[in-house]
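Encoded as C-alpha cells, the structure appears first; notes follow it.
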Amino acid sequence: MSIGTTPEPRAPDIAGLRREAAATLLRNWRGSATVPTTALYPHQWSWDSAFIAVGQAHLSPRRAFAELTALHGAQWGDGRVPQIVFNPAVPADAYFPGPAFWRPLPRHGPPAGVSTTGLVQPPVHAAALLAVVERHPGAAADAAVRRLYPRLARSHDYLFDRRRVASGLVGIVHPWESGLDNSPSWDEPLGAVDPGLADDIAVLRRDLRHADAGHRPTDDDYARYMGIVAAYRDRGYADDDLLSLPFCTVDPLFCAVLAWSEHALAALARRIGVDPGRHVERARELTHQIHTRLFDPVLGCYVALDARTGRPLAKRTVSGLVPLLLPGGHRSALLATLTGPAFAAPGVRGVPSYDLTAADADPRRYWRGPTWLNTTWLLWRALLAHGETGHAARLAADMVGLVAGAGFREYFHPVTGEGLGSDHFSWTAALLLDVLAREPEGQGWQR
C-alpha cells in the first residue's frame, strides 16, 4: 500500500487478527520482556510494557507477569520506574538518545549494572497487573501480586512524594513523561526552551531511519527534548525544586491514570491482606484535584497546566478526555466532546490524539492528530466502566477495523485509516487482543 492511500474496507477476519497479534508479540519478545517494535524501539518501554501485559494475559499469563517483573527490576532506589530500560545486547547507536546520554546515573538510580533513562511514564502498571490477575486468579497470580505490589506502591509513593506541584497535583518534567511526546499541549512551554542544538540533532536521530519524517516530531522538538533532559541529568535527576527545571507541567492523562491505578493498587492490596486505605484516599484526593483544577468548560475537556507559570495550556487533546476513567467529574461534557466534531466527526476512526477541527491539527504527525490504539483503548475502558456500551462498541469496531485495514501499526490516520509510524507494534497487538476478548462477537466489527 502506498503512502496516502486509503485501505480497502473488508470484513475483518477475527481469528486471523488474533493469530497475527500473537505472532507480533512473539516476534517482539526478548526472553523476559517485549520491545515495542524491533527497529525503531529496540529496548523496553515503561507504559508499553503495561499495555503489553494486558494483551499477554490472553496468551500467556506467565509472560504478562514476567513483563511487569522485568520492568520493575530496573526500579530506581527512590522508587521511580524508568521510561526506558536499555538492553545491553543492543548496539549503543541503535537508538537515540542511548544509554550514554543519560549518564551519570545517581546513587538513587537503578540497580548496579542496569542502564535506564531518568524519566518516568504514565503509571498504568497497577491497573495492568489487576487486569491480568482478574483474568487468571490463582496461586501464580497471588505470588505475582505479593512480588509486585511493594514495587508498585513505591513507584506511586515516588510520584506523590517527589512530584507534587500545585494543590496536590502530580507534575511531569519532560514531554516524554506524558507519553504524548509532541502533543500540542506542550507547544507553549516547549517554545520557551532554547533549541540551540537543532543542527546537531538532525544527524543524531535514529528514528528517521525507520519512519517517515512527516510522521515524527521535528528536529527543533528533539533539540528542546535534549535540552530538558540535559538540565535534569546535570542536577542528578533530583526533584527538590521542580519549578526551576526548564519544563514542568501537569498532564490530565498522567494524573488520571495515576488515580485509576491507585484504585487498582487498593484492589491488589486487598487480595494479599494489606490495608488499602492510603490508596483509596490518595485516589479520592487526586481525582478531586483533577476535576477541580484541570477542567475547561469552554473546551469541554480537561487541559494541561504549566506548573512553572500557573497558566492552563488550553488545547483540546485526547489527554483531556482520559479523566473519563475516574468517578464523578464532568462526564456529560466529556461525552459530548468525545462524540462531537472535534474527535468523532463522520468518518473519523477511533479517538484522534488532537482536535481535528483545530487549525494546526496534523493527522499524520505523531501525537498531533493520528489515532493511537492505547489512548483509544483507555477511553473504551472508561466508557465500559460507565455503562456507555453503545459508544464503547463504536470504538471497539474502529480499533478492529483500523488494524484489519492497515496492520499492527504504531498509529493511524484518523480518517483514511492509513497505517503510520512503525509496523508490528506491540501495544497495538496486545490491546487488540483485549478488545477482541472483551467485546461480544457477532455485533458487526465494521462501521
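Could you check which residue among GLY73, GLY55, GLY390 shows the biggest mean-square fluctuation in a GNM of the chain with a 10 Å Cα cutoff?
Looking only at GLY73, GLY55, GLY390, the biggest GNM fluctuation is shown by GLY390.
Okay, which of segment 58-89 sit inside 18 Å, backbone N to the point 7 Å along the Cα-Cβ direction of ALA112?
Backbone N within reach: 73-78.
Grab the Cα-Cα distance for ARG270 and ALA358, subtract it from 0.36 nm times how many residues apart they are, and report the gain in nm with one decimal.
27.2 nm is the gain from fully extending ARG270 to ALA358.
Relative contact order (percent) for segment 19-437, with alpha-carbon contacts under 8 angstrom and 6 or more residues of separation?
18 percent
Please report the spacing between the Cα centers of segment 368-447 and segment 59-122 in Å, no decimals.
28 Å
Rounded to the nearest 500, what is the 222 nm mean residue ellipticity of the chain from helices alone, with -39500 (n - 2.57) per DSSP H run of 4+ residues and division by all residues?
After summing the helix terms and dividing by residue count, I get -14000 deg cm²/dmol.
What is the Cα centroid distance between segment 310-362 and segment 124-163, reported in whole angstrom?
Their Cα centres are 29 Å away from one another.
We did not get these values from a lab; they are worked out from the coordinates using the rules stated. Remember, predicted model here, so these are calculated numbers, not experimental data. Virtual Cβ from ideal backbone geometry, glycine too; neighbours counted across all protein chains shown.
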